[in-house]
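Sharing a structure, written as structure tokens. Questions coming.
The values are calculated or read from the model by the stated rules, or taken from the named source; none is laboratory data. None of the values given here were measured: they were computed from a predicted structure. Cβ sites come from the backbone with ideal geometry, for glycine too, and all protein chains shown count toward neighbours.
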Amino acid sequence: MSYPIPSKTTAITYEVKKSKFIACASFSSSREQALAELASIKQQYPDARHHCWAYLLGNPNSPVSAAMSDDGEPSGTAGKPILNVLQHKNIGDIMLVVSRYFGGIKLGAGGLVRAYSSSAQQVIDILPVKEQLRLVPLTLRADFKHEQFIRHLASQHQGVIDECNYAEMVGIHISLPEAEIAAFTASCNNIGIQVVQP
């Protein structure tokens, strides 16, 4: 099952009653990657008072994981509205951080919910996406002379080489989009390369 993911990091600035909200959406496929993204945004905007965030990992229709943080804003006024926007947008593997510079005028709980929702909504509206292809793992056994051919063939079929083991023959673990497997396997079989699905 493929699903849309962010194709590049995108940011917008939204102002409400002198408070500035900078929303930044980016691709993250793991909690570690999402938190690394958060750390980098904190470095970009070190004097922002709050860095509220939410992420959704995996397929948006059945996420592997989702989390959020109000980062010091009143409970439920920041992380939840951001996550709520993500849950209605059908985009997976996404981290969305909203950094807030306080403008001196209190917005109240309702005002904060609207401001964080709006910021998240606006950045999602302009976020470029691409399809995340589901990759299927394959193992190949081949003579050493075929290794370059396999690497070339894998890249032609949008595949990724995961690892190579060298023994009497070379064992190559690759991941390929489902739709490419038949053509890839046929090309390998033509020159005597064994393809084994785990």
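Taking the stretch 149-169, which residues are of a type in the set (Phe, Trp, Tyr) and either part of a strand (DSSP E or B) or more than 18 Å from ILE191 (Cα to Cα) (or both)?
Once the filter is applied, which keeps residues that are of a type in the set (Phe, Trp, Tyr) and either part of a strand (DSSP E or B) or more than 18 Å from ILE191 (Cα to Cα) (or both), the stretch 149-169 yields only TYR166.
Taking into account only those residues within the stretch 45-65 that are farther than 21 Å from ALA115 by Cα, in contact with a strand residue (DSSP E or B) (Cβ under 8 Å, 6 or more places away or on another chain) and exposed (fewer than 13 other Cβ atoms within 10 Å of the Cβ), which is modelled with the lowest pLDDT?
The qualifying residue modelled with the lowest pLDDT is ASN61.
Quick check on my filter: what residues within the stretch 36-62 are without any contact (Cβ under 8 Å) to a residue 40 or more places away in the chain and under 12 Å from the mean Cα position of the chain (by Cα)?
Those that are without any contact (Cβ under 8 Å) to a residue 40 or more places away in the chain and under 12 Å from the mean Cα position of the chain (by Cα): LEU56, LEU57, GLY58.
May I pose another question? Evaluate the following for ILE82: is it closer than 30 Å to GLU131 by Cβ and either at pLDDT below 95 or in contact with a Cys (Cβ under 9 Å, 6 or more places away or on another chain) (or both)?
Details: closer than 30 Å to GLU131 by Cβ: yes; either at pLDDT below 95 or in contact with a Cys (Cβ under 9 Å, 6 or more places away or on another chain) (or both): yes.
Yes, satisfied.
Which one of these does HIS146 not meet: (1) crowded, with 19+ Cβ neighbours inside 10 Å; (2) in the same structural domain as ALA11 (by TED's automatic domain parsing); (3) over 16 Å from the mean Cα position of the chain (by Cα); (4) in a helix (DSSP H, G or I)?
Single failed check for HIS146: (2).
If you don't mind, there's one more thing I want to ask. Hey, could you check the stretch 158-187 for residues that are buried (at least 17 other Cβ atoms within 10 Å of the Cβ) and in contact with a Pro (Cβ under 9 Å, 6 or more places away or on another chain) and say which is farthest from THR10 (Cα to Cα)?
Checking each candidate, the answer is ILE174.
So the check is Cβ under 8 Å with 6+ separation or different chains; which pairs have a first residue in the stretch 170-198 that's assigned to a helix (DSSP H, G or I) and a second one that's of a type in the set (Gly, Ala, Ser)?
GLU180/GLY159; PHE184/ALA154; PHE184/GLY159; CYS188/ALA142
Kindly evaluate ALA109 against the criterion of being in contact with a Ser or Thr (Cβ under 8 Å, 6 or more places away or on another chain), surrounded by fewer than 19 Cβ atoms within 10 Å (Cβ to Cβ) and in a helix (DSSP H, G or I). Outline the logic, then answer.
On the way: in contact with a Ser or Thr (Cβ under 8 Å, 6 or more places away or on another chain): yes; surrounded by fewer than 19 Cβ atoms within 10 Å (Cβ to Cβ): yes; in a helix (DSSP H, G or I): yes.
Considered against the rule, which asks whether it is in contact with a Ser or Thr (Cβ under 8 Å, 6 or more places away or on another chain), surrounded by fewer than 19 Cβ atoms within 10 Å (Cβ to Cβ) and in a helix (DSSP H, G or I), ALA109 comes out as yes.
Let me ask another. Please enumerate the residues belonging to the stretch 94-113 that are over 17 Å from PHE27 (Cα atoms) and touching a residue at least 24 places away in the same chain (Cβ under 8 Å). Talk me through it step by step, then tell me what you get.
Let us first name the residues in the stretch 94-113 that are over 17 Å from PHE27 (Cα atoms), namely 99-113.
Hits for the stretch 94-113 are SER99, ARG100, TYR101, PHE102, GLY103, GLY104, ILE105, LEU107, ALA109, GLY111, LEU112, VAL113.
Show the residue pairs meeting these rules: Cβ distance below 7 Å; 6+ apart or different chains; first residue within the stretch 66-88 and under 18 Å from SER28 (Cα atoms) and surrounded by 18 or more Cβ atoms within 10 Å (Cβ to Cβ); second residue of a type in the set (D, E, K, R) and modelled with pLDDT of 95 or more.
Here the result reads MET68/LYS80; GLY79/ASP70, each pair linking the stretch 66-88 to a residue that is of a type in the set (D, E, K, R) and modelled with pLDDT of 95 or more.
Restricting attention to the stretch 84-101, does a residue exist that is among the acidic types (Asp, Glu), within 15 Å of the chain's Cα centre (by Cα) and assigned to a helix (DSSP H, G or I)?
No, there is no match, as no residue in the stretch 84-101 is among the acidic types (Asp, Glu), within 15 Å of the chain's Cα centre (by Cα) and assigned to a helix (DSSP H, G or I).
I would also like to ask the following. For the stretch 58-83, name all the residues that are among the hydroxyl-bearing types (Ser, Thr, Tyr), out of contact with any Leu (no Cβ under 7 Å at 6 or more places or on another chain) and assigned to a strand (DSSP E or B). Break it down stepwise before answering.
Narrowing the stretch 58-83 to residues among the hydroxyl-bearing types (Ser, Thr, Tyr): 62, 65, 69, 75, 77.
In the following step, the residues that additionally are out of contact with any Leu (no Cβ under 7 Å at 6 or more places or on another chain) were identified as 62, 69, 75.
Listed by number, the list holds a single entry, SER69.
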